[in-house]
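Enquirer: Have a look at this one before I ask anything.
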Amino acid sequence: MSRRNVASEDQEPDAKRAKSSSCTVAAAAPASLGISRGCGYWQDPVQGMASSRHEFGEHGGVNMSIEASATFTVMEAETLGKLFAGELGPDMDFYIYSRHFNPTVLNLSRQIAAMEAAEAAYCTSSGMAAISSVLLQLCSHGDHIVASSRLYGGTHALLSHFLPRTSNITTTFLDLDTFDDHAHVNTIVRAAFTPSTKVLYFETISNPTLCVADIPLLASIGHDMGAIVVVDNTFSPIILSPIRLGADVVIHSVSKYISGGADVIAGAVCGPASLINSMMNLHQGALLLLGPTMNPKVAFDISERLPHLPLRMKEHCNRALFYATHLKKLGLKVIYPGLEEHPQHSLLKRMANTGYGYGGMLALDLGSKEKAYKLIQYLQNNVQFGLMAVSLGYYDTLMSCPGSSTSSELSEEQQQETGISPGLVRMSIGYSGTMEQRWSQLYEALTHMGLLSSSSSAERRIKVGSRRRTLNDRHLHPRVNLCLSSSGRLR
């Protein structure tokens, strides 16, 4: 019987519902699974989500009801005091106020925690809200962070300018993603730590240069130095599981791949239940006191999209690999971790969950901003290959020049140091349209721009000409079967 039906004469008293004297966030998996720092029980992300607790609707619906209430009632007056004392909480179906915990948001949070093999998670109003809340929870005034220099521009600005100004929290930036010698990495990273270092922060696949972090190595160094390892996994949900590889906390901009529709702004923090509970503490919790609350209606919407995230990621990755492979053959400077020539290809292959690909992002370096601008403008306005827009994970391809957009917070010198050239074009590869159609559009734009080398004639057969070609034409390219099933259809 629902506790919300206050008119019922046989309503169960609050006291009988309380089975524990402590308030904790319900874990994503049973305690018997023994999830711990980078080890213990682990499932493939798809298995994890399928094994997570399913919430039914108020009247037996297959989907959970949306709990849009800002505040929640109780049956006994003394219960409010127990709620504020932390003696009762959401694990026993007791709620106070939706800036604290909300049932619908908690349901989505459990699903994302299961996907990341985290003990717990909670969702926020944006990815930046998730990042800033975690760092402010883990760091106090005067503390120090060691971070990768290859970060999203907003994160870099938070660490470089906002936190030093408001909290005297400083950051040492290191190029963590381009060292081949483990001994050298150890020396460089350890030397950056100080007695006040609390966090080691990096992205799994860096934005926008697509360098791949050695998560096990960096996590090991961070733990040896007594730091909490925080990883932004926005570019590679399903593909990489940082907690399995040793990270403590995983952050997502849910607005991107997880949402998939470019229609909501949202974020998530995944990690130990103790961290999530501390972030909701009535006196010291960054999530509760700063208030980056996710709307329950947004949480419900995203929870309905999460089950098909693996399918979407596979198609994003399949198409990105197809384009990257052929763009490379055309003589263009393409950056994609799925190419064997990528410096961290083998590393990503070792770390990745099997069967989901190497990511849906690729980058083209055209050398100059003028060429980059002309290409993405032609691709949008003349051939409708994609859209000139920031963000990623949308079903249509999104294109931008990071140096003047999402990484513009970095100085020109910082951009040069991190490999962001003026002519870099970042593409979030979508899955709308047929592969043949989209390749034809891209090839036409490259031809119009005069970007193809004279030695690329063999690849030109991929272009749709007077005779319509299909993707099971084995003359397209010897590696085209990477993206095809035995029937010639896209996998």
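Enquirer: Which condition does I169 not pass, out of (1) touching a Leu at 6+ places or on another chain (Cβ under 9 Å); (2) under 24 Å from I420 (Cβ atoms), if it passes all the others?
Expert: Going through (1) touching a Leu at 6+ places or on another chain (Cβ under 9 Å); (2) under 24 Å from I420 (Cβ atoms) one by one, I169 breaks only (2).
Enquirer: Take the conditions surrounded by 23 or more Cβ atoms within 10 Å (Cβ to Cβ) and closer than 16 Å to Y358 by Cβ and apply them to A299. Does it pass?
Expert: In short, no.
Enquirer: Let me ask something additional. Considering only the stretch 227-237, I want to know if a residue exists there that is in contact with a Ser or Thr (Cβ under 8 Å, 6 or more places away or on another chain) and more than 30 Å from M427 (Cβ to Cβ).
Expert: Yes: the stretch 227-237 contains one or more residues that are in contact with a Ser or Thr (Cβ under 8 Å, 6 or more places away or on another chain) and more than 30 Å from M427 (Cβ to Cβ).
Enquirer: Which pairs do you get when a residue that is under 11 Å from N382 (Cβ atoms), found in the stretch 436-449, comes within reach of a residue that is β-branched (V, I, T), reach meaning Cβ atoms under 7 angstrom, with the pair 6+ apart or on two chains?
Expert: Within 7 Å, the pairs are Q441/V383; E444/V383; A445/V383.
Enquirer: Mind listing whichever residues of the stretch 135-189 are out of contact with any strand residue (DSSP E or B) (no Cβ under 6 Å at 6 or more places or on another chain), among the hydroxyl-bearing types (S, T, Y) and farther than 22 Å from H252 by Cα?
Expert: S140, T166, S167, T178, T187
Enquirer: From the residues in the stretch 190-240 that are out of contact with any strand residue (DSSP E or B) (no Cβ under 8 Å at 6 or more places or on another chain) and not in a loop (DSSP other than H, G, I, E, B), which one is nearest to L309 (Cα to Cα)?
Expert: Residue satisfying both the conditions and the ranking: P216.
Bear in mind that the values in this text are calculations on the coordinates, not laboratory data. Since we're looking at a predicted model, the values are computed, not measured. Counting neighbours? That spans all protein chains shown, and the Cβs are built from the backbone with ideal geometry, glycine included.
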